[in-house]
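Engineer: Sending over a structure as structure tokens; questions will come in a sec.
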Amino acid sequence: MTERTCGPVVTFGEILLRLSTPDARLFVQSERLELCVGGAEANVAAGLAALGHQVAMLSRLPAGPLGDAA
């Protein structure tokens with residue numbers, strides 16, 4: 001049996017932004033929102049990177065503060 005080697009991994013996909021209220025309040029009860037970045041492809045890339053793999057992600061982001069945050 002031969003040993004397999006794994007090269008760099010590239011994921012393709014979109015970044016998702018989740019806006020949520022602190023303390024599980026309703027949107028109309030809150031004056032601020034919390035931003036979480038995720039998405040299936042980003043989560044897989046982050047998990048593989050945490051395991052020591054060389055990972056890159058290819059996506060397109062908007063110019064501006066939201067794209068910078070992602």
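The values are calculated or read from the model by the stated rules, or taken from the named source; none is laboratory data. In this text the structure is predicted, and so the values were computed from the model without any measurement. We place every Cβ from the backbone using ideal geometry, glycine too, and count neighbours over all the protein chains shown. Heads up: the accessible areas ignore ligands, DNA and RNA and are worked out on the full protein's heavy atoms, side chains in. Shrake-Rupley method; radii C 1.70, N 1.55, O 1.52, S 1.80 Å.
Engineer: Only one of these is touching a residue at least 12 places away in the same chain (Cβ under 8 Å) and open to solvent by 50 Å² or more (accessible area, probe 1.4 Å): 48, 26, 58. Name it.
Structural biologist: Testing whether each residue is touching a residue at least 12 places away in the same chain (Cβ under 8 Å) and open to solvent by 50 Å² or more (accessible area, probe 1.4 Å) leaves just 58.
Engineer: What are the residues in the stretch 16-32 that are at pLDDT below 90 and in contact with an Asp or Glu (Cβ under 8 Å, 6 or more places away or on another chain), if any?
Structural biologist: 19
Engineer: Next question. With open to solvent by 60 Å² or more (accessible area, probe 1.4 Å), in contact (Cβ under 8 Å) with a residue 12 or more places away in the chain and not hydrophobic (A, V, I, L, M, F, W, C) as the only criterion, which of 31, 14 stands out? Can you show your working first?
Structural biologist: Numbers: 31 fails: in contact (Cβ under 8 Å) with a residue 12 or more places away in the chain.
Going through 31, 14 in turn, just one is open to solvent by 60 Å² or more (accessible area, probe 1.4 Å), in contact (Cβ under 8 Å) with a residue 12 or more places away in the chain and not hydrophobic (A, V, I, L, M, F, W, C): 14.
Engineer: All but one of (1) under 10 Å from the mean Cα position of the chain (by Cα); (2) in a strand (DSSP E or B) hold for residue 11; which doesn't?
Structural biologist: Here residue 11 meets the rest and fails (1).
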